[in-house]
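Asks: Following this message is one structure expressed as structure tokens.
Here, each number is a calculation from the coordinates, and none is a lab measurement. What you see is a predicted model; the values in this text were computed from it and never measured. Note: ideal-geometry Cβ built from the backbone for every residue, glycine included; neighbour counts use all protein chains shown.
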Amino acid sequence: MTRFNWFNTTTLTLGFAFLYLPIILLMIYSFNESRLVTVWAGFSTRWYQSVFFNESFMNAAWVTLRVGFLSASIATVFGTMAALVLNRAGPFTGKTLFTGMIYAPMVMPEVITGLSLLLLFVSLDFTRGFWTVTLAHITFSMCYAAVVVSARLATFEKDLEEAALDLGCTRFSAFMQVTLPIIFPAILAAWLLAFTLSLDDLVIASFASGPGATTLPMKIYSQVRIGVSPEINALSSILIAVVAIGVVTASLVTKQAQLKRMKEERLATNAS
Amino acid sequence: MTVADITSPTDETSKASGTKADWGRTLLIAIPYIWLLIFFLAPFVIVFKISLSDVVIARPPYFPTFDLSEGWQGFLAMLQAFDLENYVWLTEDTLYLNSYLSSLKIASISTLLTLCIGYPIAYSMAKAPQEWRATLLMLVILPFWTSFLIRVYAWIGILKKEGFLNYFLLWTGIIDEPLTILNTDTAIYIGIVYSYLPFMVLPLYAVLEKLDTSLLEAATDLGCSPLKSFWVITLPLSLPGIWAGCFLVFIPALGEFVIPDILGGSSTIMIGKTLWVEFFSNRDWPVASAVAILLLFLLILPIVLFQKQQEKQMEVSR
Amino acid sequence: METSVLTQPVCKFAPWDNPAQKPLVRFENVTKKFGDFTAIENLTLNIYEREFFALLGPSGCGKTTMMRMLAGFEYPTTGNIALANTNLQKAPPHKRPVNMMFQSYALFPHMSVEQNIAFGLKQEKTSKAEIKQRVEEMLSLVQLEPFAKRKPHQLSGGQKQRVALARSLAKKPKLLLLDEPLGALDKKLREQTQFELMNIQEQLGLTFVIVTHDQEEAMTVASRIAVMDHGKIVQVATPAEIYEYPNSRYSADFIGDVNIIEGKIDVTTGETASLNWAEGETPLKVSTKQRPNHGTTCWLAVRPEKLRISKEKPENADNCIKGEVWDIGYTGNISTYHVKASNGSILKAQVSNREHLADRPITWEDTVYIHWEKGAGVFLEN
């Protein structure tokens, strides 16, 4: 059994301190009484209260959640379709272009994606706002969703689909009854990823949005440019806490299920 | 491997099972395809078109615009009005060239820094006890899920003149006067390293974790010191991970906007920021488009190299 | 699990010898190409009802492709496959009265044993009561009643194998395909399961086609075996025929252990050919109905257990080769003597170990005589 040696311990401590200290400091100081962010003046939750009573924050949060929910859901559907096309549809004319378009948005600088989408919306004479942000978010997050689902499909045993066909399923019903339930965790992960991407996005939303559809990151950005404010600290802490709790819970649940499964497998082999 | 694996049987099956399955397949391909054509590819064509246009004070602020009602004649007239003026302008004004060069410089240096910091972390993770690895991996991935903007913002409170870092350094007595870090290139380096560290650690960890420890034992057995065996075994075998990590950091760093905007000073120019300013402040859409097209060209080389490297990896692992 | 008593029918089951019998499956000049690669080349084959038919060959010989064409996952490039006198043409898998048991078992991990077995019936819109009854039948057939509610990952390898079998039998297919069905089991369990498979096949009166690379498995379970090589069938015959009368070096070598001696025909008298195999040695005699010409190259195949070995020169032996004991392989029940002949070739002779180890008279470097009757060898022209 390998053990931690002093080198590994030091490196990991320093590395994770670097990764987490800024966030932890931010969260601690969100409870600071003083408006001066770096001077501790006692514990207080007043900034949290003022976040909740700040109507423009709440409006932005509501817009962001709606955009996130809608775009993540549609992006997951499209992304799953795209993943099926990549893994299951066989060759067709223009597949290279298709594959390229799936991977390109992930390496594309956000400023370019944002700018190009804005110019499209202007050309088509779309009124910029809630719907254009949603369209933009669907487009880039469907690619991430496609990659997540595609990774799962790549390791999916084709035998299972063939067994379903052999037992009387059409391709569609084989997908619905066998493939979909089995890859569902990956689809859920894809949705979560798409949702957080939408929640976090500043640059593309700034280009694609218009008056009346300010998302939370846009709101935070406009405040941040003025300087550090305890309200933003509080708001950031809430966002981080929500995401962190969600992700940690999800991974713990998966881990538990895995452990249970391994235990049952061991029992089954020992019994025979 | 059996011969059945050589080609995918599914395409034949779907071809065979009649028109209904055919339609299903066509629809499956068409929906995401058309979506991406409209919302991903078409916008680039438009960006390219506008980069050849002239700026006017109107909305949309460029000329010529294409009016479908004018038909083919209108299209030809539009083509004639195109010119490379904006690109010429980019070469004449040193701001743009400097932005490109400084983006390249900042992206390269911060990629190297990220490698130097990320490698030991990935190495230590791979050497950690088995039961710890999943947790450590989660801790590396977790920041990726939280808002990029907030993580960058968190550094303002640390780096500014009256921030935590100066406070700490003054308290320990290392410095006598507060340092100016915020709004300098150093702050940008810190921001990039911090934001993209997971991108470096993950591919490195993936490679290092798979590394067969018996190779190192064999090297030691044949007379290598631990340091030497790291140098001749571990490092060369982790090269694919190094390449992947470097590209994953370098490519987004090159077009970065948020970090230079929030942590950098007015003297630091990066191409992403220049584009943003051109667009939102100067409202010069044609020039912004030309900047975008050139940034795209700048990115093609690293992306193609990355692609090549990934393909090579795939072949090796096969 | 109790081992069931074997009840072999007394009358001979050999529909392939009866020209009036219609085959259940008919491959007619089937060729399958994957791009430039020819997986199956102009193959014609009949499989009869109630047969347990084995496709045997090394990996890449095309046996899996044959099975996948029967299941409908692949279609012939040219030629026809007919099932019960209907041409399968391009019928998709779900429209064929054929089911398959997968090598990986392909049990649906999100469904219980019951649900897995019921899956095929559910697709046919069978009534609930009928499904229930059928599932119970299947569970009792494979003796898995107590495990009905379990998920696949809660089963041992042998149990999974039986669920896969039950699932593929639930729809009462006209033809059951088994792709290396026992490949994932350990040796002991595999032997036991082979007999179970044979019992079930007989009990249900179904036609089974099994793909395997394991010659012992094919010999045990099959009524007939097709030995395949590079997309072609080398020989189709009963296990005993293939073992005793292989038609080529390939099938002689693929099934069981064999000594193959190359030579040129000296003379053919009556039904005996004699073969010059080495300079200065007596020609070897072998029974054959063919009349090969003098000087043609051909081979004599003889199984190691048919060779006798002695220290004294035997009298009246049809064939006798003098050699030196080069090596002895001891596997408990038998010893295999590797004997080097005058031309340097090694012959293997197997002897049952009836006596204790210490009593055996032959040892390394002894000069010995290997001898056998002319009927014990097989004359091969290719």
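Asks: Which value, in debye to the nearest 20, gives the size of the charge dipole of the protein assembly as shown about its Cα centre, when Lys and Arg are +1 and Asp and Glu are -1 at the Cβ?
Replies: 1960
Asks: Can you give me the relative contact order of region A:55-227 as a percent, contacts being Cα pairs under 8 Å and 6 or more apart? Walk me through the numbers before you get to the answer.
Replies: On the way: 201 pairs, mean separation 72.5, N = 173.
Across region A:55-227, relative contact order equals 42 percent.
Asks: Starting from the Cα of residue C:381, step 7 Å along the direction of its Cβ; do the same at residue B:88; then give the gap between the two resulting points in nm.
Replies: With each label placed 7 Å out from Cα toward Cβ, I get 8.8 nm.
Asks: Continuing with the same structure: Taking the Cα centre of region A:55-227 as origin, sum charge times position over the Cβ atoms of Lys and Arg (+1) and Asp and Glu (-1), and report the length of that vector in debye to the nearest 20.
Replies: Its charge dipole is roughly 280 debye.
Asks: Do the alpha carbons of any pairs in A:95/B:308; C:289/C:374; C:63/C:232; A:260/C:122; C:264/C:289; C:285/C:322 sit beyond 20 Å of each other, and which pairs?
Replies: Too far apart for the 20 Å limit: A:260/C:122.
Asks: Mean-square fluctuation check for chain A, GNM, Cα pairs under 10 Å: which of A:176, A:27, A:218 is largest?
Replies: The residue with the greatest mean-square fluctuation here is A:176.
Asks: Need one word for region C:84-197: rounded, prolate or oblate. Basis is the Cα gyration tensor (sqrt eigenvalues a ≥ b ≥ c); a/c below 1.5 gives rounded, then a/b vs b/c decides.
Replies: oblate
Asks: A follow-up question, please. How are the alpha carbon pair distances in region A:106-217 distributed across 5 Å bins from zero to the largest one, expressed in percent?
Replies: All Cα pairs considered, the percentages come to 2, 11, 18, 16, 12, 10, 9, 9, 7, 4, 1, 0.
Asks: Note down the net charge around residue C:283, summing +1 for each Lys or Arg and -1 for each Asp or Glu among other residues with Cβ under 14 Å from its Cβ.
Replies: On the way: positive: C:264, C:285, C:374; negative: C:262, C:266, C:279, C:281, C:318.
Residues near residue C:283 contribute -2 overall.
Asks: Between residue B:310 and residue C:245, how high is the FRET efficiency from 1/(1 + (r/R0)^6) when r is the Cβ-Cβ distance and R₀ = 60 Å? Nearest 0.05.
Replies: Calculated transfer efficiency: 0.60.
Asks: How are the alpha carbon pair distances in region B:137-236 distributed across 10 Å bins from zero to the largest one, expressed in percent?
Replies: The calculated distribution, bin by bin, is 13, 27, 22, 22, 15, 1.
Asks: Taking every residue in B:41-49, how many Cβ atoms of other protein chains lie within 10 Å of its Cβ, on average? Could the numbers behind the result be given before it?
Replies: Values: counts 5, 6, 13, 8, 4, 10, 7, 2, 2.
Rounded to a whole number, the mean comes out at 6.
Asks: Using the Cα gyration tensor of region A:139-272, with a ≥ b ≥ c the square roots of its eigenvalues, what is the shape: rounded (a/c below 1.5), prolate (a/b larger than b/c) or oblate (neither)?
Replies: Values: a/c = 4.69, a/b = 1.87, b/c = 2.51.
The shape class here is oblate.
Asks: If you don't mind, another one. In whole percent, what relative contact order does region B:85-317 give with Cα contacts below 8 Å and a gap of six or more residues?
Replies: The value is 28 percent.
Asks: Evaluated at 37 °C with a viscosity of 0.692 mPa s, what Stokes-Einstein diffusion coefficient in µm²/s does the protein assembly as shown have when Rh comes from the Kirkwood expression over alpha-carbon pairs?
Replies: Using the Kirkwood radius from Cα pairs, D works out to 96 µm²/s.
Asks: Along the charge dipole of region C:257-380, Cβ charges K/R +1 and D/E -1, which of C:277, C:333, C:309 sits furthest on the positive end?
Replies: Result: C:277, furthest along the dipole toward the positive end.
Asks: Then there's this: Ignoring GluC sites (Glu not before Pro) that are buried or in helix or strand per DSSP, and keeping those with at most 15 other beta carbon atoms within 10 Å, what is the longest stretch of chain A between them?
Replies: The longest uninterrupted stretch comes out as A:34-156.
Asks: Something else now. With N set to the number of residues, divide the alpha-carbon radius of gyration of chain A by 2.2 N^0.38 Å and report two decimals.
Replies: In units of the 2.2 N^0.38 Å rule of thumb, it is 1.25.
Asks: Tell me which of B:102, B:119, B:194 sits at the most positive position along the dipole axis of region B:85-317, charges placed on C-beta atoms (Lys, Arg +1; Asp, Glu -1).
Replies: So the residue we want is B:119.
Asks: For peptide B:134-145, compute the average count of partner chain beta-carbon atoms within 10 Å of each residue's beta-carbon.
Replies: 5
Asks: So, one more: For region C:30-44, in order, what is each residue's ³J(HN,Hα) by Karplus, 6.51 cos²θ - 1.76 cosθ + 1.60 with θ = phi - 60°, in whole Hz (x at glycine and Pro)?
Replies: Computed from phi, the couplings for region C:30-44 are 7, 10, 10, 10, 10, x, 8, 7, 9, 7, 10, 10, 6, 9, 10 Hz.
Asks: Next question. Can you put B:242, B:259 in order of Cβ neighbours within 10 angstrom, beginning with the fewest?
Replies: Numbers: B:242 19, B:259 29.
So the residues, fewest neighbours to most, are B:242, B:259.
Asks: Now for a different question. Run lengths n ≥ 4 of DSSP H only: what is the helix-derived mean residue ellipticity at 222 nm for the protein assembly as shown, with -39500 (n - 2.57) per run over all residues, to the nearest 500?
Replies: Rounded to the nearest 500, the figure is -17000 deg cm²/dmol.
Asks: Based on the Cβ-Cβ distance of residue B:41 and residue B:301, what FRET efficiency does E = 1/(1 + (r/R0)^6) give at R0 = 22 Å, to the nearest 0.05?
Replies: 0.55
Asks: With everything on Cα atoms, drop me the angle between helix A:6-29 and the longest principal axis of chain A, reported from 0 to 90° to the nearest 10.
Replies: 60
Asks: Further question: Can you pull the one-decimal nm distance between simple spin-label points at residue C:82 and residue B:267, each 7 Å off the Cα toward Cβ?
Replies: 9.1
Asks: Give me the inter-chain shielding for C:92-99: mean count of other chain Cβ atoms within 10 Å, whole number please. Working shown, then result.
Replies: Numbers: counts 9, 15, 12, 4, 3, 0, 1, 4.
Mean shielding count: 6.
Asks: Identify which of C:190, C:249, C:360 has the largest mean-square fluctuation in a Gaussian network model of chain C, with springs joining Cα atoms closer than 10 Å.
Replies: Ranking C:190, C:249, C:360 by mean-square fluctuation puts C:360 first.
Asks: Based on Cα positions only, what radius of gyration and what Dmax would you give for region B:85-317, in angstroms?
Replies: In order Rg, Dmax, the Cα atoms of region B:85-317 give 20.9, 67 Å.
Asks: Choose one answer from C:239, C:181, C:314: the residue with the largest mean-square fluctuation in a GNM of chain C with alpha-carbon springs under 10 Å.
Replies: The residue that fluctuates most here is C:314.
Asks: Another question, then. On a full-extension model of 0.36 nm per residue, what is the gain between residue A:265 and residue A:49, subtracting their alpha-carbon distance, rounded to one decimal in nm? Write down the numbers at each step before the final one.
Replies: Working: separation 216, 0.36 × 216 = 77.76 nm, distance 5.04 nm.
This chain segment gains 72.7 nm when fully extended.
Asks: Counting Lys and Arg as +1 and Asp and Glu as -1, each charge on the Cβ, what is the dipole of region B:85-317 about the Cα centre in debye, to the nearest 20?
Replies: Dipole size: approximately 320 debye.
Asks: So how tilted is helix A:230-271 from the main axis of chain A? Cα-based, degrees 0 to 90, rounded to 10.
Replies: Helix A:230-271 sits at roughly 30 degrees to that axis.
Asks: Also: Expected output is a single nm value to one decimal: the length gained when fully extending between residue A:244 and residue A:184, i.e. 0.36 nm times separation in residues minus the C-alpha distance. What is it?
Replies: 19.4 nm
Asks: Specify the inter-centroid distance of region A:88-110 and region B:111-157, based on alpha-carbon positions, in whole Å.
Replies: 29
Asks: Let me ask something additional. Explain nothing, just the number: relative contact order of region A:122-214, from Cα pairs under 8 Å at least 6 residues apart, as a whole percent.
Replies: Relative contact order of region A:122-214: 57 percent.
Asks: Hey, with R₀ at 30 Å, roughly what FRET efficiency would residue C:22 and residue C:287 work out to, going by the Cβ-Cβ distance, to 0.05?
Replies: The calculated FRET efficiency here is 0.25.
Asks: For region C:67-140, evaluate the Debye formula with one uniform point scatterer on each Cα (no solvent term) and list log10 I(q)/I(0) at q = 0.15, 0.22 Å⁻¹, rounded to two decimals.
Replies: Relative scattering, expressed as log10 I(q)/I(0), comes to -0.66, -1.04.
Asks: Dipole of chain A (Lys/Arg Cβ +1, Asp/Glu Cβ -1, origin at the Cα centre): which of A:106, A:139, A:53 lies farthest to the positive side?
Replies: Positive-most Cα among the choices belongs to A:53.
Asks: Name the shape class, rounded, prolate or oblate, that the alpha-carbon gyration tensor gives for region C:235-317, where a ≥ b ≥ c are the square roots of its eigenvalues, rounded holds for a/c under 1.5, and otherwise prolate holds if a/b is larger than b/c and oblate otherwise.
Replies: It is oblate, given that a/c is not under 1.5 and a/b is not larger than b/c.
Asks: Continuing with this model, one more query. For labels at residue C:268 and residue C:148 in the simple 7 Å Cα→Cβ model, what's the distance in nm?
Replies: For residue C:268 paired with residue C:148, the spin-label model returns 6.6 nm.
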